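Comments concern the structure below.
The values are calculated or read from the model by the stated rules, or taken from the named source; none is laboratory data. These figures come from a predicted structure and were not determined experimentally. A quick note on method: Cβ atoms are made from the backbone with ideal geometry, for glycine too, and the neighbour counts reach across all protein chains shown.
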Amino acid sequence: MTILDEEQEYFISWAKGVVGEDSVLEKEPHGDEGVVYKLQTPSGNYYLKLKKGSDFSSERQRLDWLQNKLPVPKVVASTQKNGVGALLLTAIEGRNLAALCKEWSAEKVIDQLVQALKHFHAADPANWPFEEHEDGMVLVHSDACLPNFIFTEENFSGYVDLGESALGPVEIDLRAAVWSLQYNLGAGHGLDFLRKYGYQNATEKQIMEFIHEYEDLQRAHSLL
């Protein structure tokens, strides 16, 4: 579903009004689900996310809950018009792991992803209001692909795109991470990742199963 130019202009004007400062606008590379702009201001940077058919309620609620628990963006404001939702967020400064793949060694990318995911999965799920907590479940990102992990130099800055975060089995994130690593770095790196995460007996067969399961889920949601 395409967001028209005039719709984008409306929300850009709205976001600039909320920020209340002179801002430099830059359109960000993004997937098929929506449009993202970066607003740079003298006092800080922001991201404006636009999406057809969504009011971003899931992402807003999860980001509010995750504040002070994990490094995530803060919701500044949200609105909607004519079936298009807009979400204005503070920026997590830095560069994502997919971009850093071009500069870092594969081993470094994998090590950093393992650490960031383990930190996410170790978050205390007490009082999580969106699903019932069952044995074997942890807090999962639900889209643990490389673009959603941000670093400043070699320091981890935070997580982005958390609208689907949930309580679930850790394999939800491991499938996405394996798929994303092999997409960005090539075959073999998913196995290295699983073993460093703690799956010492992981096999290439398991890697292929994880990739197929991830791709099947993406197709079911028309994302592949």
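Any residue in region 181-198 that is in contact with a Ser or Thr (Cβ under 9 Å, 6 or more places away or on another chain), within 30 Å of residue 67 (Cβ to Cβ) and at pLDDT 95 or above? Checked against the condition, which is being in contact with a Ser or Thr (Cβ under 9 Å, 6 or more places away or on another chain), within 30 Å of residue 67 (Cβ to Cβ) and at pLDDT 95 or above, region 181-198 yields no hits at all. Scanning for something within 18 Å of residue 143 (Cα to Cα) and not assigned by TED's automatic domain parsing to the domain that holds residue 155, does region 4-15 turn up at least one residue? No: region 4-15 contains no residue that is within 18 Å of residue 143 (Cα to Cα) and not assigned by TED's automatic domain parsing to the domain that holds residue 155. When 44, 20 are screened for being surrounded by fewer than 12 Cβ atoms within 10 Å (Cβ to Cβ) and at positive phi, only 20 passes. Listed by position, the helices (runs of 4 or more DSSP H) enclosed by region 128-220 that each have at least 1 residues that are surrounded by fewer than 13 Cβ atoms within 10 Å (Cβ to Cβ) and among the hydrophobic types (A, V, I, L, M, F, W, C) are 204-220.
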